[in-house]
Each structure stands twice: as structure tokens, then as C-alpha cells.
Amino acid sequence: MTTPTIRELGIPVKAANWVRLHPGRTADGRPSLLASMGQNNGGPFVLDIDPVTGHCRQFDANTPGAEAPTSAMRSLRTGILWLGAAWQGTLHRYDPAHPELGLECLGQIDPELATFPTSIAETPDGMIWIGAYPGCSLTRYNPATGEFTRFGRMDATDKYLYLLAGDDGALCGQIKMTTFRMVGIDPATGRPTPIGPILESPPTNPKRYEFFKGEDGHLYLDSYAGAFRLTGSEARPVDTLPAPMAGVHATTRHGYQRILPLPDGAIATFADEAAFQFRQLHLTYPDGRVRELSLNWTGAGTNLWTVHLGPDERIYGSSMLPEHLFSCDLDGGNMVNHGQCSVSGGEAYSMLNYGDQLVIGSYPASRISLYDPKLPYRFGTGPGANPLDVGRADELSTRPHAMITTPDGKIWVGSAADYGLLDGSLAWYDPKTATRGSTRGIMPARTPFVLLWLPGLRQILVGFNSEPGTGVSAQYQQGGYALWDPAKNAAAYIGDFDDPDLVDVCSLIPAGNGLVYALTGRNPRLVKHYDCTPAPTRLCLLDPANRRVVASTLLPENYGPLPFESGHILRADTDGTLYGATTETVFRLRPGTVETEVVAHITGGELTVVGPIHQGTLYFASEWRLRSLRLV
């Protein structure tokens, strides 16, 4: 094995995620405007914005493991900004009265139960309360002593807790996602008490269920079952509801129901928020004046989620949170961050060449976009847009893990179910007619994770994993296979190919002579977010026509673990040579066997995204860096 040649092609996207504006005032009463933002390289940061010039003082967290500020709340009492960061579940503080302290890290919220802080609330006694995923956990932080009190899980099934605090001392939380329900919380003991109505299966039962803090400072639930004022122990019916209080601290949503004005009455918004840019600040004053300011914050790098060889033989890909489409030449030259490519805004889970067009499947909501590289870039949802967002693959899915096209011109999409649901879907979309269809629950409570067209059988081979939906725990620890007849839109077979060791199907690729290679095992995302057990990775040679496994072997442990999102890790070079990759190793498959040989070891950072192989060169990502590796 020769020493691999790894090239650094650049950082395609330097964007910000989980962006919120936090109006307030300084200690001497002057208007103060803060913004909280996140990124993968460098972590969360706070902007202290001069509302006159737009100049930003930027304060970076620089805390290992902290990336996205998934919760943030500015105290109306002290002006301090409190920030909870994923993915180590850390609590941070920025006090504009003491900028010399920067963005402080106060520690982990709950090392056992909290990776993703969902909400922060402040009770009148100055205590800071944090709800967090995946443990549906409740934690109290005492600013005076710096002590955390961890009260543990608030629910045995659901994973998300959203908190609000009333001016009367009431502390309440909304629990999500399989049901919506309310609890009142005793601030002394952290004990939850169920209160109010319960909304069953909210994704398929979209009845009214809005938890908010009113202008009068009390907590309310506006629901299908009536209106209620919430205390720490009960939900009292009321005839009328006040308007929601302005500000992010007054809603369980990550954004705003109403925007809190600056002390001089100005309303601050981002003019470019819909495009996920967050560079242009828009100020509207009570007298009708409007000002726009350019913000001079500096990004360091946004993780990549997909790397793909486009129809024009350029490299394309997507960043994650926010989703920006980028492209570059094969040598990394002419690298362009095109910006928004979908209404979704999360990340592109899959890409597909469709004639001269690039098809993009995006999270959330499994939306499909069509992009023609020959035409000018102008994203939109209407005529003349490029990319053109054509809408959801179906109404109940959210993560479009896999896309293929069939000879009839349809695009098939394998997606995980939406938040709180269990059954993934196999959907199709026909660009020629703009028609679409979907089948859910082919394997109950599992997801069609990888797709492969079998021309000999004229069927789609579907590989399933244990992902049930989003925000719920796995119901099964085993995936499976289906042979899907697109002409009948029905399964010809559902099962496991008599493989007693099958766990999840992670990747599929043609092996020649009607056979198929599959990687089975468990990708780390299912272990981390869905309570699945780890499993070793196996290389299998399948005979789909006879529905059996011809041969299989475990990949050597020293190859390293699978990438976090591992649906495209078996790849074919231009000459047909087959390869696979883990986070640490690139290996070659010996044709017709399940034997592998190491081609290269990844150095200078783990491989996080496996991209295409083109004329002997593998393109891949190491977090926010686009890289290439010469294999031959």
C-alpha cells in the first residue's frame, strides 16, 4: 500500500445556525441588541451589535463539543443572555455589562441526559431552568452559586421538554413528540404534575395546542380542548386569552411569535433570514423609518452532509444547518457557496443526477429541489426558479436518506418518518407530470434507508434500518429488505433474505451478474439518537433474485466505525472498481467475493462524509473541510 495523497480542497460553507436576535437594554438604559449563532468550527458565538452602525463585537465559545445554540434566552431582568449548546449539552452566559468575560461556559447541563438543550427559562427568583433532549430532562442552574441541580427525566417515553416560567413563579413544560402534554413543575423538588389536555399523535392530528407566556406574565395553553391558564399544579379554564408576550422567552418555539422591540421602539429582523444568510439587519422604527445594516461577523466552517458528482462532472454538496448548496471543480477550484437550495434549510440527505439536472432531497419535510447547472442560480418555488423547490416527497416524512430514478422517469425517495411518527416511507415523484405518491410502513416502524434499481428484476431493492421516525425510540433492533415493483407500486418480497445476523442495511451497490453488495450493521446515529444497540459491520454478497445471502464476513475492527450518516459508503470508481470507506479506512472489494483490502488510511481528521469516486480519486468531507484522496 502506497502512502495516500490527501488534498485539502477548501471550506465550502462558513454559515451560521440556530440564529436568534435578542433585543434589550444596557445597564444605563441604552438600546442593546445581541444575536446568538452557531457553527461547527469554533462553536456558538454571540454578536454584540451596534444598532447604529451594525458593527459587531463577536464572542466565540471555543468549547469542545459545543456547536449549535439550540436554546437561548435573554433575561428581561438582568439583560444577560443564557445559551444552551448541543452536542455536549453545555450552558453558556454572556453579560453585555461585562463583555470582558466573553461567552462563558458554565459546564454540562446534565452529562447523563442532556445533549441538546431545548429551552431555557428564568423564574422570578433568578434561577435558570433548562429542558433538554434526549432525556426529557430538567435542570436548574443557580447563578449566585454556580451550582447545577439535576432533576432527571420528566417523562419515560418522550424525549423533548420545553419550559416557560411565569412572573407569578409558575414553571411549566410541554413534553413532545409522540404526544403533546403539559406538566406543572414544583421548583423546590422538580417534581412534574400532569396538567391540562393531551394531544395524541400530533403529526397526524394537527389540532391547536399552543403553549405561551402572555402579556400579563402568566402562562397559557390555547388548545383544541379550550383555553387554560397554567400554574405549577393545575390548568384553570379561562374564557379569553391575552396576546403572547413578545420575545423568544415567551414561546416554546425556537423562533418568535412576536418580536420584542428595542427600547427605542425599533423592530430588528434579518432581511435575509429566509435564505439562511443572516448578514443584513433590518430595523423598522415606530415613525416608519427603515434602516438596513450589514453585519461583519466571521464564520469559520459549517459541517458538510453530502458530497456528490454532478451531471456536469463538478463536485456538489450540502452543508448542514443551514443547508447551503456548494460546487467546485474536481481540483477544488472555482468553489462557490450558492446558498439556499430548498425551503427546508436543514441539509441535503441525498442527491441524484436526473439527465442534466441535479435532484436534491432535503431535511426537514423531505422536500425535493431540481437544479440545472447550465442556467443561472435563482432559488425559488415558482416558475423560472433554479433550483426549483417542488415540495415534499410526501406529507409524513422528514429525512430523505436515499433517492434513485427508474427507467419510467420517476424519482423514488426513501425517507424516515416525521417527528413523533414511526413508519418510514417509500415515495415517488415524476418531474414530467409533477405527480407523486407514497407508501408508508412497508416494514413497520422502520425506514427505507438505501435504494438500488435491479434492471434484471425490474424492481427496486430497498434496504431498511431501525430508524422509526424522529424524536422517538426504535421499536425494533433489525431492519430488512424489500423487493419493490414500481409498475405495481407494491412489494414482491419483504424479509431478511434468511440472514440470521442481519441488523440494519447501511449501503447497497451492484456486484455484477445480478448480485449486490450490502453493508449491514448499525450507523452511529441510530445508537446515539434512537436507543439502538451497537452492532459490528458486515459485508454481504446478496442474490436478490433468489432472496438469499451468498457470502458474508465481518469488516475488520481496525477499519474503524461507520460514518455518522452511512447510506452511501460503498462506491464505484469510473472503471467499475468497488470501494468502501469508514471514518478511518478506505478499502477495496475483491470482485465476486467478500474479501477486502486496505487502500488508504484517513489522516488529518476523520472521514465524516463519503463522496463520489471519479477516475481514481475519492472526494470526501472531514466535518467542514472538503478533501480528496488519490486511490490509484
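Every read-out reported here was derived from the displayed coordinates using simple, explicitly stated rules and does not represent laboratory data. Not measured: the values here are computed from a predicted model. Cβ: placed from backbone, ideal geometry, glycine included. Neighbour counts: every protein chain shown.
Once the other residues with Cβ under 15 Å from the Cβ of Lys213 are scored (Lys, Arg +1; Asp, Glu -1), what is the net sum?
Cβ neighbours under 15 Å give a net charge of -2.
With a 10 Å Cβ neighbour count serving as the proxy for reagent exposure, in which order, fewest first, do Tyr363, Tyr354 appear?
Tyr354, Tyr363
Among Lys410/Lys528; Lys410/Lys488; Lys14/Lys374; Lys14/Lys176, which pairs are too far apart, with a Cα-Cα distance over 22 Å?
Result: Lys410/Lys528; Lys14/Lys374; Lys14/Lys176 exceed 22 Å.
Nothing charged except the Cβ atoms of Lys and Arg (+1) and of Asp and Glu (-1): what's the magnitude of the dipole of the stretch 75-192 about its Cα centre? Round to the nearest 20 debye.
Taking the Cα centre of the stretch 75-192 as origin, the dipole is about 380 debye.
Taking square-rooted eigenvalues a ≥ b ≥ c of the alpha carbon gyration tensor, is the chain rounded, prolate or oblate, where a/c under 1.5 means rounded and, failing that, a/b exceeding b/c means prolate?
Since a/c reaches 1.5 and a/b is larger than b/c, the shape of the chain is classed as prolate.
With a 10 Å Cβ neighbour count serving as the proxy for reagent exposure, in which order, fewest first, do Thr193, Thr439 appear?
By the 10 Å Cβ count, ascending, the order reads Thr193, Thr439.
What residue among Tyr371, Ser342, Phe276 has its Cα farthest toward the positive end of the dipole of the stretch 239-389, where the charges are +1 on Lys, Arg and -1 on Asp, Glu, each on the Cβ?
Phe276
Which shape class, rounded, prolate or oblate, goes with the stretch 229-315 when its Cα gyration tensor gives a ≥ b ≥ c as root eigenvalues, a/c under 1.5 marks rounded, and past that a/b bigger than b/c marks prolate?
Note, shape of the stretch 229-315 comes out oblate.
In a shell of Cβ-Cβ distance under 14 Å around Pro500, excluding Pro500 itself, what net charge do Lys and Arg (+1) and Asp and Glu (-1) give?
Here the charged neighbours net out to -2.
Just how far, in whole angstrom, is the stretch 6-74 from the stretch 336-397 if you go by their alpha carbon centroids?
Value for the Cα centre distance between the two parts: 28 Å.
Under 5 Å between amide hydrogens, which residues at least 5 positions from Gly135 or on another chain qualify, with H placed 1.01 Å from N in the peptide plane?
The answer is Thr115.
Once the other residues with Cβ under 10 Å from the Cβ of Tyr285 are scored (Lys, Arg +1; Asp, Glu -1), what is the net sum?
Combined, the nearby Lys, Arg, Asp and Glu give 0.
Using alpha-carbon positions, what is the distance between the centroids of the stretch 435-499 and the stretch 554-626, in Å?
25 Å
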